[in-house]
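Asks: Can you keep this structure in mind? I'll have questions shortly.
Each reported figure results from applying straightforward, stated rules to the coordinates on display, with no laboratory input. Small disclaimer: the values here were computed from a predicted structure and weren't measured. As a convention, Cβ positions derive from the backbone with ideal geometry for all residues, glycine included, and neighbour counts pool all protein chains shown.
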Amino acid sequence: MTTETAYVPRLKLKYNDEVKAALMEQLGITNVMQVPTFEKIVINMGVGRATQQPSLLEGAV
């Protein structure tokens, strides 16, 4: 039997520890299940000019 700790992203920890409590206070919510949560976070970056200048793609990474 192995004991493994599950990886939890740092932003999720910050949300659960700090932001959720602040939202509850600010919105006047008493039930934890009523606090809004994130389902998915997407970061999008346009690299349109990289088709003409491949060197620009280096700065995107």
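Asks: Applying the selection to segment 33-46, what residues are hydrophobic (A, V, I, L, M, F, W, C) and surrounded by 10 or more Cβ atoms within 10 Å (Cβ to Cβ)?
Replies: V35
Asks: Here is a follow-up. Could you tell me how many of the residues in segment 8-32 are assigned to a loop (DSSP other than H, G, I, E, B) and surrounded by 11 or more Cβ atoms within 10 Å (Cβ to Cβ)?
Replies: 1
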